[in-house]
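Novice: Below is a structure I'd like to ask you about.
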Amino acid sequence: MIFGKTLQFKINAISGLNYYAAVVGLGLYTASRVAEHVRAGFASIGQGQYQAVLSTGMTQWQMYWHVIIPHALRLVIPPLTTEFLTIFKNSSVAMTIGVAETTFMSYKIDSDTFHGLEATTGAMFVYLVLGMAVVKTMSYFEKKFRIHGLVGR
């Protein structure tokens, strides 16, 4: 009997563990993908660009601040838009391990009130609004940082 109470106490003590595991897992996954997009953005800038900027007499700090980082930022924004939208979808996958998020809450409302259509429609609108907000925000940044003359949207 004592073992059962001790085990129950330990399970209750780490009841939020699944939430933290999902946050850490999704955070590390997204961070690695964003880091790879940023690395690819810098790698796509040719060595000639670096040499051309240094030949103008700029220091390395000035080269990165005024030329390389803005150019890489313009190249990285579109993949980051996709990555931000992907994190919304991946957070729904975290529902399977018990993280309370929009889809999970709509299923909970359905099981409690039997209003599944209304709950899932509400969840769909939440995801739609969040997704459109990300797309509009990133579209604004793409337009603000675009280089005139380059192919783009």
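Novice: Within segment 45-76, work out how many residues are surrounded by 12 or more Cβ atoms within 10 Å (Cβ to Cβ) and not hydrophobic (A, V, I, L, M, F, W, C).
Specialist: So in segment 45-76, the residues surrounded by 12 or more Cβ atoms within 10 Å (Cβ to Cβ) come out as 45, 49-50, 52-54, 58, 62-76.
From what's left, not hydrophobic (A, V, I, L, M, F, W, C): 49-50, 62, 64, 66, 70-71, 74.
Looking only at that region, the number is 8.
Novice: Pick from segment 101-138 the residues that are over 18 Å from the mean Cα position of the chain (by Cα), hydrophobic (A, V, I, L, M, F, W, C) and surrounded by 12 or more Cβ atoms within 10 Å (Cβ to Cβ): which of them is nearest to Pro78 (Cα to Cα)?
Specialist: So, considering only residues that are over 18 Å from the mean Cα position of the chain (by Cα), hydrophobic (A, V, I, L, M, F, W, C) and surrounded by 12 or more Cβ atoms within 10 Å (Cβ to Cβ), the one nearest to Pro78 (Cα to Cα) is Met124.
Novice: How many residues, within segment 41-77, are assigned to a helix (DSSP H, G or I) and touching a residue at least 24 places away in the same chain (Cβ under 8 Å)?
Specialist: At the first step, the residues of segment 41-77 found to be assigned to a helix (DSSP H, G or I) are 41-43, 47-55, 60-77.
This time we only want the ones that are touching a residue at least 24 places away in the same chain (Cβ under 8 Å), so: 41-42, 68, 70-77.
Of the residues in that region, 11 qualify.
Novice: Let me ask you something else. Can you name the residue in segment 24-39 that is hydrophobic (A, V, I, L, M, F, W, C) and within 11 Å of the chain's Cα centre (by Cα) and is also nearest to Thr81 (Cα to Cα) among such residues?
Specialist: Restricting to residues being hydrophobic (A, V, I, L, M, F, W, C) and within 11 Å of the chain's Cα centre (by Cα), the top hit is Val34.
Novice: Also, I was wondering about something else. Within segment 98-140, which residues are aromatic (Phe, Trp, Tyr) and at pLDDT below 85? Can you show your working first?
Specialist: Taking segment 98-140 first, the residues aromatic (Phe, Trp, Tyr) are 104, 107, 114, 125, 127, 140.
Passing the criteria: Phe104, Tyr107, Phe114, Tyr127.
Novice: What are the pairs, 6+ residues apart or on separate chains, where a residue within segment 10-35 that is part of a helix (DSSP H, G or I) has its Cβ under 9 Å from a residue that is at pLDDT 70 or above and among the small types (Gly, Ala, Ser)?
Specialist: Within 9 Å, the pairs are Ala22/Ser91; Leu26/Ser91.
Novice: Counting just the residues of segment 141-153 that are in a helix (DSSP H, G or I) and closer than 25 Å to Lys89 by Cα, which one comes out modelled with the highest pLDDT? Walk me through how you get there before you give the answer.
Specialist: Quick first cut of segment 141-153, residues in a helix (DSSP H, G or I) only: 141-145.
From the residues that got through so far, the ones that are closer than 25 Å to Lys89 by Cα too are 141-142.
On the way: Phe141: 84, Glu142: 81.
For segment 141-153, the residue satisfying everything is Phe141.
The values are calculated or read from the model by the stated rules, or taken from the named source; none is laboratory data. Quick caveat: nothing in here was measured; it's all calculated off a predicted structure. Counting neighbours? That spans all protein chains shown, and the Cβs are built from the backbone with ideal geometry, glycine included.
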